[in-house]
Structures are given as C-alpha cells and as structure tokens.
Protein chains: 2
Amino acid sequence: MSENNKTTFGDMPADEFRRHGYAMVDRIAEYFEHLEEYPVLSQIEPGWLTENLPASPPEEGEDFASSLADVDKLILPAVTHWNHPNFHGLFSTSTSSVGIFGEMLSAAFDMKAMLWRTSPASTELEDVTLDWLRQMLGLPDQFEGIIYDTASVSTMHAIAAARERAGLQIRELGTSGRGDLPLLRVYTSEHVHSSIDKSCITLGLGLQGLRKIGCNDRFEMIPELLADAIEEDIEAGYIPICVIPTIGTTSSSSVDPVDAIANICEKYGIWLHVDAAYAGPAALLPEKRHLFTSRELKEDPHSAIRDPQFTGWERADSIVLNPHKWLFTPFDLSVLYCRDLSELKGAFSLVAEYLKTNDEPAVKNGMDYGIQLGRRFRALKLWFVIRYFGVRGLTERIREHCRLAELFASWVDASDDFEMMAPVPFALVCFRAKPAGMSGAELDALNERIMNAINASGEAYLSHTRLNGKYTLRLSVGSIRVEQRHLEKVWRLLNEHLAAELEHS
Amino acid sequence: MSENNKTTFGDMPADEFRRHGYAMVDRIAEYFEHLEEYPVLSQIEPGWLTENLPASPPEEGEDFASSLADVDKLILPAVTHWNHPNFHGLFSTSTSSVGIFGEMLSAAFDMKAMLWRTSPASTELEDVTLDWLRQMLGLPDQFEGIIYDTASVSTMHAIAAARERAGLQIRELGTSGRGDLPLLRVYTSEHVHSSIDKSCITLGLGLQGLRKIGCNDRFEMIPELLADAIEEDIEAGYIPICVIPTIGTTSSSSVDPVDAIANICEKYGIWLHVDAAYAGPAALLPEKRHLFTSRELKEDPHSAIRDPQFTGWERADSIVLNPHKWLFTPFDLSVLYCRDLSELKGAFSLVAEYLKTNDEPAVKNGMDYGIQLGRRFRALKLWFVIRYFGVRGLTERIREHCRLAELFASWVDASDDFEMMAPVPFALVCFRAKPAGMSGAELDALNERIMNAINASGEAYLSHTRLNGKYTLRLSVGSIRVEQRHLEKVWRLLNEHLAAELEHS
C-alpha cells in the first residue's frame, strides 16, 4: 500500500510534500539546464502517449515518485518545447523561473477571486500590478485593467461591452427575435487573429457581423476603406459597434494606423478596441513607443513603420495585451485595459443571493467584470516577474529580441537566396527562400518543404503564413533563453536545407 | 545591484532557481502546517494592501527573497484561506499537494495547447485523463470531454453548441439583423448558478432568452412546469434550444429530475445540458450514483431524494463538472463532457493560415473546441491527483465529506434552536437558527448577524442563501483537510453566538 493510504483522509503529509517538492524543483531545474538537448518539436506519432498510458485509472493510490518517473518516460517525449530557445513558431513565448514560483503559490492558496472578501489579496494585487504595467507601457492613468485567461476572452469581453454601449438593451433582450434590430457589425483587418472571428461567433454576431477591411502592402489596415465600409453599412441600416485595429498582427506583426482609425471611431461613436496581445510589452521600449502612441512621437529612421502618425492606442476604449506572450509570465495571463471599466461591469454584473455581501459598494469584485465567476490569482506571477527583472531587466530583454530579429533580417536582406516578406517592427521576421528561376508555385512548395524538414528534425521550430498569397516563413524571437547563436543556427539550417533542395532538383 | 542583473539576458540561473525553489516548497509546506492558525476570512480593511504596496514598479530588479518576504508581510494578511478546513462558504474547495506539483510542471513547460503538434502531451493526456474520470463517474463511453477554465465557460460553450444545432446558421449569420429569426430560449430552474445568466448575456440570447422554471419545496425543477413553458414558447413562435437541469444546485445542492427533463428534451429535440459543476465528483460513490443516473437505480432509504427515477445524466448532450471544486485539483479545471464532441467543433472550429498543418485530419486540435486558442496543460494536475489518491482514495474522501455533512445535519435536527432548510444529498448543509418566538424578519436578521459575527471572527467562514424567502445559512464540507473536530467547532460557534444574541435581546 502506498504511503498516502493512511487512516486519515487528508492531503500528503508535510514531510512528504517537502521531499517530492524538492524533487520537482530539481527536475524543473534540470529540464531548463538540458532544454537544448531536446528536439523542439515532439517526435512522437499521434496516439503514442495514449497507447502507453493505462486505459483505466488506478484503483489504489501510488507514490508520487512513480508519476514523476512517468513524466520522464512518457510526458517529456510528447512535449513540444515552447521554452526551447529555438522555438520560433507562432509567437515565441517563454515562462521565467519566478513566474513558476507565482504559479506554485497561487495553486497553494487556491483562491477563487470572485468577491473582494473571498480574495482581497488577488483583487488588490491585480489592481496594483496592472497599474504598474500601465505606467510601464506609458498609458494614461484613466486606463484600468482586468486580468483574463487569454486574449480571445479579453477581446470577447471588449466586444460585449461595445455591444452594450450601442444602447439596444442587448444584455436584457438579446439579439434574437427582435425584428427591428439591425445587423450589428465589428470591423477589423484581413490580417487579424482568429480570436476575433471566434468572439463574433460566440457573441451571436456571427461571421456576418465581422467585416474585414483591406490592407496596404505593409499589411496595415487602410483607414479610407474602413470609413467607406462604415458609411456603406450605415446606409444599409446596419449598426457599427466596434473597430479592432491590431498593433502587431499575428501573420506579420504589422501595425494598423490606430490614430487614423481612432478618428473614424470618434466620428461615428464606435468602440475602439486595440489588439496588442503580442506586441504590447514592446511599448516598454522608448524607441518602440511611437508604434503605440501618438503622444510621444519619435522619428526613428530604423523604424519599419514609415508614418509615426499611424498610431495612438491611448485613444482606445479598450486594449488587450498578453504578459504570457512577451513578458516571461507563464500562460495564462491576458490583460484588458479599459478607459472606463464600469462599461464592462454594466455589461456583465449580476449578483446572485449567495454572493451578496455587506461590503461597501466601493469594493471591487472581480466577478462583476466578465463571464467567469471564480478567477485565479494570476496577478501574483506578474508581480514576481516585474519585481525580479525590474522595468530595466524586462526592457533590455525585449530590446535584445528586437535586435536579434533585425540582425536575422539583415542576413536575409544580404542573401541572394532569401528575401524579406514584411517589415520587422518588433521581433518577428517574415521571409522566404527565393532562389533564382523558380515560379511562384515552386517557391511556395520549396519553402513549405524546407520548413517541414527543419521542424521534423527537432533542431528548430518555425511556422508559416501567407502574405500577398505567397507562402511565407515566420521566425519569432521571444524566448527568455534565446541568444544570437540560436539565430545563427536557424540561418545555417535554412541555408543547408535550401542547398540540399537545390541539389536534388 | 541584484544578482539577476547580469550581462546575460536570460532567466534566473539554475542554482538560484533551486535555492529559491526549495524555499518556496518550504514556505508552502509551512503554510499548510500552520493553516489553522490563520483567520479564515482576511481581516484587512479594503485598500490596506494597495496602500502598502509601492505605487510604481521597481526600475531595477530585486532578489526573489524580497518578494517572498513580502508574501509573508503583505500578501498573507490579505488572503482569505480557501484551503482552511473551516472554510465552509460558497462551495468549500481545496487543492492537494500533488495538484500544486502539476501546476509547477505545467508552468515550466508553459505550452499552449492549441494544435496537437504544439502540445501532443497536453492533447493526449487530456483525452486519457478525462476518459479515466468518465469511467470513475460511470458515464457511457460515447461521452468525450474537453477541459476549460471554469464551469461558466464550459456551460457557455455547451449553449453555443446547442444554439448551432438549431440549424439556423447562427455561427455564420449571427442573431442580429435577422427579422425572421424567432426568440431563442434556454430553460433552467430558479435555483441555478448565475453563470447560466451570464452565458445567455454573452451569447446574445439576453436575459430574456433565459426562462426560469419553478421548483418544488425541495428546490427541484418541476418537469410539468418546464413542459408547459416550452409548449407556451413554441406557440408564441419562440425556439427552445437548451434545457439545463442541475445536479447539486448552488443554493441548496438540490437535484433536478434529470430523467423526466430528458423525456421532455427528447420529445422536442432540445439540447440537454446537465450542470453538475459542484456535485459531479460525488458520482464516484456507488451510494450516490442514483442521484446521477437512472441506469443503476438504487433504493437508498437515507437518500434525501425521494424518487430515484428523478435522475439520468447519461441521457444528456453535455455535462459540466469541476474537478477544481470537489476533486482536490487546483483552480482552474472544468470539464465539459459531450455526447458528440463534433457538434462543439462545428460551432467553433476555424483555422487561420498560420495554424494550418499537414497533420492527418484524425489528430485532435484543442483550439477547435472553443473560443480560447491557447489552452493550459491542465490535464497534468488532474492526472497527478487521480494517480496519487487512486479511485479509492478520492472516493473515501468524498464519502467522508458526505458523512460529516450528514452528521452536522443530525445535530441541527436534534437541536431545538436550529432547523434544517433543505435536504442534504451531498455535503452542503442548509440550515438556520430558529429560537422560539421570533418573527420571520427577526429570524432573517438574527441569522445574518450570527453569520457575520462568525465570519468576522476569522474562526470559520459560512455563506448564506435565501430558500423560500428565508435567510439560510450554508455550510459546505469539501476541504481535503476537514475533520470532524472542524464541524464540531462550527457547531459550538453557532450555539455560542446564538446564546449571546439571545442574551442581548
């Protein structure tokens, strides 16, 4: 019988917790020390883990050591290592050690931050930490934040608040069965994240309720097309409720002209929600601030964005950004900043009898600001991260990522066999192999083969997109462990795989 | 300068991680050892933590030890201790040590389980662990699960799938601006969790789209009233899309007659979603199984539910239950079981170019089943929990909680000064002080004063609800640390505070 089947019903005894806890810490430390020895992309075949696990749960409890042994034997081979410094796919993200400490402690407290009184620590630390972050980003002090799990959920809440502002009593009456209710529309660019489509599906706006606006050759939304679309929709009797420009689109990290879009939103009284889920933390860098705000205009000759007036996120009604993407905070922690948080509360607040308290009305209850009632104590890990690295440490790390991405782009630019496919405003490089004498279709196939070969090798992980119809490789630089040698390795792999391809053809 | 401001840009060095990691483990072990010395309810005044934290973030990084010291000095006094064995409010929940280990490792991997290939471990372990849990609960094998953060989000997804099944192309067309689209309706009892109201708000159904059905004197939905409501709505031209009975309502843990409700859903072709968020894990107990399923009918003379035909969750289209509530798994982990998961996928799947892969179509990609793109590796902690305690260890702990609740109820029953307010099918006791000679309003005020006094003392934490209009105290038994002596303490406190009240009056 294992040690946990004692006559008492409680939890693991404290001495056992210490022993296994130290082992977990050691295991994680070793994992980080040997991270580069693992293939970035898991090499298992689909179904391998399932086949190697028992089909039924154990009747009797087991010593935790056996679970930890199975982590090595079964789980690790099935892990695609997001923390590997050569994970450059999607957006490269990584946790930091203090972030892990935050998750440990948050799990130990295990609080559900619904009411202030059930979680004063979480409620107040969230406010304070998000205000710190607001200052770091250079946002005006009327912006107040709330933490959700993901940007998808943050954005869904922003659109819901926008929908409520339209004054159509949608919270009470809904949108179905109202013959007189016109079509509600959300506007965004054709390069946005799929979460906006999913938000519109969820909220009952439907994909029809989302109109995608065309972009220029730098993949930035064209404000004139947005204005035309809104005019057209208003004439058709539709109601525009929200416009969502992106600072750092998922495909190419392009920056929509927020300032020009804000002018349009102001004119028509439409909610402006800025999606800076990925790029938001780059606002810490003074030299990148002009990509976000029109207040601190700076002429930067190295900027990929040619017109600094093309920004102005401080004019938004809401902004989403994800510390779990590019601020070394473990997944999940997404922040929604609102100019007036009471609008969000108005859309969602609903207090059941069993949640009523005598607390003064001034107390903030997290549950009032969204669909989730219970909320994890997520602020703790962000607080740890900001304190451990300091504003300077965070800024320098993000700056180094931008430097590495620009360096990689310079190698692409200098090569006859590769070409850049988009500007590099942050730390994402969009490029492709382009040896002489190949058709467009041949280039698409070639680049796909090169990427798949590199990914399959486990040496590095890249992802792709399509820009102007062309198959494009994406290299994201964002791991806390990434160094110049990792970029050099990718560049070497790309050239080797291209050479091998050209030899075989 | 602190140790982290090295010339390298990376993370905390491994030796430092080990040192602080051990300290974190020790701190958490100590926390659990001394848990009972803390007041259950935080004793701080609103704003105390905010005032004691710096208004701005540190420019330079700090040693992690200073953050850990501030946890003791500033965070702990602001914590309401959900893990305290005398936390009996709302639903008493608690983490277990192995659950904390799961969160540590999940944070270290920091994977975003969107695609199978970016997270084979999470994708497959989730399937396997949820199938283990399905077997433990006695659900038929066609049920397949998916993990979300909270029951609110699980239920929102279930209603969205139900909305899609109605065949009205809502995913594409939405519900606004469609003059011919009738009002869509969801049905539930008047005792449900507020998350269902919020789901309806979010989905654009509005509060008008939710019809609440009356209950009998045991707080169970009356199927005849449901049938009448549906008939009435159909006659009015509305479209019923979903019925949500609850097994273990939030107010009183009452059990709606799922079998009779399933008959009605079958007749009208309506999606049946069962909310077993709280009580679900009690299905592990053979002696409680009759509260869930009509397949294993058992006549249990001790059961609070008089008619065992009043169940049948295996007939549902979807079921939500929360291992983070009553299965010793750290918050958050909510499971949605669907009879046909492809219906959920049909409502949400949407694949952007940058997420397309060459993986065979048979591979499951978590992102296809909901609004969130990235998903935490939550299955790990549940896998640890099931393995460490075993089915038997989990069953015995839940059984002990039910025994303690029944014991407490027997004390109430035997007392002249208190009375029971609802049956105790699981481990929630609804009761009130009822000394002789007081009016209804006086009893309400008395019970509120007693609860507030106990909560303010920090000795124990209770919450309340209203049943049949009467102020009712709720005592939930669910902590992994709870023992009989904790219930005896609450009973003593209640009697002492009642005596003090009667003395003063």
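Here are some notes:
- Test: residue in region B:314-324 that is more than 14 Å from every other protein chain (Cβ to nearest Cβ) and modelled with pLDDT under 95: yes
- In region A:41-69, the residue that is surrounded by the fewest Cβ atoms within 10 Å (Cβ to Cβ) out of those that are closer than 17 Å to B:Gly390 by Cα, touching a Gly at 6+ places or on another chain (Cβ under 9 Å) and in contact (Cβ under 8 Å) with a residue 24 or more places away in the chain is A:Glu60.
- Residue in region B:7-19 that is more than 25 Å from the chain's Cα centre (by Cα), in a helix (DSSP H, G or I) and under 30 Å from A:Pro140 (Cα atoms) present: no
- Any chance B:Asp131 is closer than 24 Å to B:Leu291 by Cβ, free of Cβ contacts under 8 Å to residues at least 60 places away in the same chain and more than 8 Å from every other protein chain (Cβ to nearest Cβ): no
- Total residues in region B:270-285, condition more than 23 Å from the chain's Cα centre (by Cα) and more than 14 Å from B:Ala227 (Cβ to Cβ): 0
- Scope region B:104-146; condition farther than 27 Å from A:Phe87 by Cβ and among the aromatic types (Phe, Trp, Tyr); matching residues: B:Trp132, B:Phe143
- Sole exception among (1) assigned to a helix (DSSP H, G or I); (2) modelled with pLDDT of 95 or more for B:Glu503, by number: (2)
- Pick from region A:15-40, criterion within 22 Å of B:Ile386 (Cβ to Cβ) and of a type in the set (Gly, Ala, Ser), ranking: farthest from the other protein chains (Cβ to nearest Cβ): A:Ala23
- Applying a threshold of 9 Å to beta carbon distances and a minimum spacing of six or more residues, or different chains, the list of pairs starting in region A:394-413 at a residue that is in contact (Cβ under 8 Å) with a residue 24 or more places away in the chain and ending at one that is of a type in the set (Lys, Arg) reads A:Ile398/A:Lys288; A:Arg399/A:Lys288; A:Cys402/A:Lys288.
- Scanning region A:155-173 for residues that are without any contact (Cβ under 8 Å) to a residue 24 or more places away in the chain and assigned to a helix (DSSP H, G or I), we see that the one that is surrounded by the most Cβ atoms within 10 Å (Cβ to Cβ) is A:Ile170.
Yes/no per residue for (1) touching a helix residue (DSSP H, G or I) at 6+ places or on another chain (Cβ under 9 Å); (2) of a type in the set (Phe, Trp, Tyr); (3) within 30 Å of B:Glu33 (Cβ to Cβ):
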position	(1), (2), (3)
B:Leu404	yes, no, yes
B:Phe431	yes, yes, no
B:Ser439	no, no, no
B:Leu443	no, no, no
B:Ile450	yes, no, no
B:Ile454	yes, no, yes
B:Ser476	yes, no, yes
B:Leu493	yes, no, yes
B:Ala499	no, no, no
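- Qualifying residue in region B:116-128 (condition: more than 9 Å from chain A (Cβ to nearest Cβ) and among the basic types (Lys, Arg)): no
- Condition check for B:Ala151 on (1) among the aliphatic types (A, V, I, L, M); (2) surrounded by fewer than 24 Cβ atoms within 10 Å (Cβ to Cβ); (3) within 19 Å of A:Ser119 (Cβ to Cβ): one failure, at (2).
- Being outside any helix (DSSP H, G or I), over 23 Å from A:Lys112 (Cα atoms) and more than 7 Å from every other protein chain (Cβ to nearest Cβ) is a property that holds for B:Arg218.
- Inside region B:440-461, residues that are away from chain A (no Cβ under 11 Å) and closer than 29 Å to B:Arg397 by Cα make up a count of 5.
- Given (1) touching a residue at least 12 places away in the same chain (Cβ under 8 Å); (2) assigned to a helix (DSSP H, G or I), index of the condition A:Leu205 fails: (2)
- Residues (over 18 Å from A:Trp383 (Cα atoms) and over 22 Å from the mean Cα position of the chain (by Cα)) located in region A:113-152: A:Met114, A:Leu115, A:Trp116, A:Arg117, A:Thr118, A:Pro140, A:Asp141, A:Gln142
- The listed residue being touching a helix residue (DSSP H, G or I) at 6+ places or on another chain (Cβ under 7 Å) and either modelled with pLDDT of 95 or more or not small (Gly, Ala, Ser) (or both), out of B:Gly248, B:Gly269, B:Gly237, B:Gly214: B:Gly214
- Test: B:Met136 is closer than 22 Å to B:Val335 by Cβ, surrounded by fewer than 24 Cβ atoms within 10 Å (Cβ to Cβ), modelled with pLDDT of 95 or more and not β-branched (Val, Ile, Thr): yes
- Verdict on A:Ser96 being at the interface with chain B (Cβ under 8 Å from one of its Cβ atoms), more than 22 Å from B:Ile147 (Cα to Cα), crowded, with 22+ Cβ neighbours inside 10 Å and among the polar types (S, T, N, Q): yes
- Count of region A:176-210 residues which are surrounded by fewer than 20 Cβ atoms within 10 Å (Cβ to Cβ) and more than 7 Å from chain B (Cβ to nearest Cβ): 2
- Test result for A:Ala108, in contact (Cβ under 8 Å) with a residue 24 or more places away in the chain and in the same structural domain as A:Ile371 (by TED's automatic domain parsing): no
- Residue check for A:Thr329: of a type in the set (Val, Ile, Thr), assigned to a helix (DSSP H, G or I) and either more than 9 Å from chain B (Cβ to nearest Cβ) or more than 30 Å from A:Val477 (Cβ to Cβ) (or both): no
- Scanning region B:492-501 for residues that are of a type in the set (Gly, Ala, Ser), over 28 Å from the mean Cα position of the chain (by Cα) and away from chain A (no Cβ under 14 Å) turns up at least one hit.
The values are calculated or read from the model by the stated rules, or taken from the named source; none is laboratory data. All values reported here derive from a predicted model rather than from experimental measurement. Backbone-built Cβ (ideal geometry, glycine too); neighbour counts: all protein chains shown.
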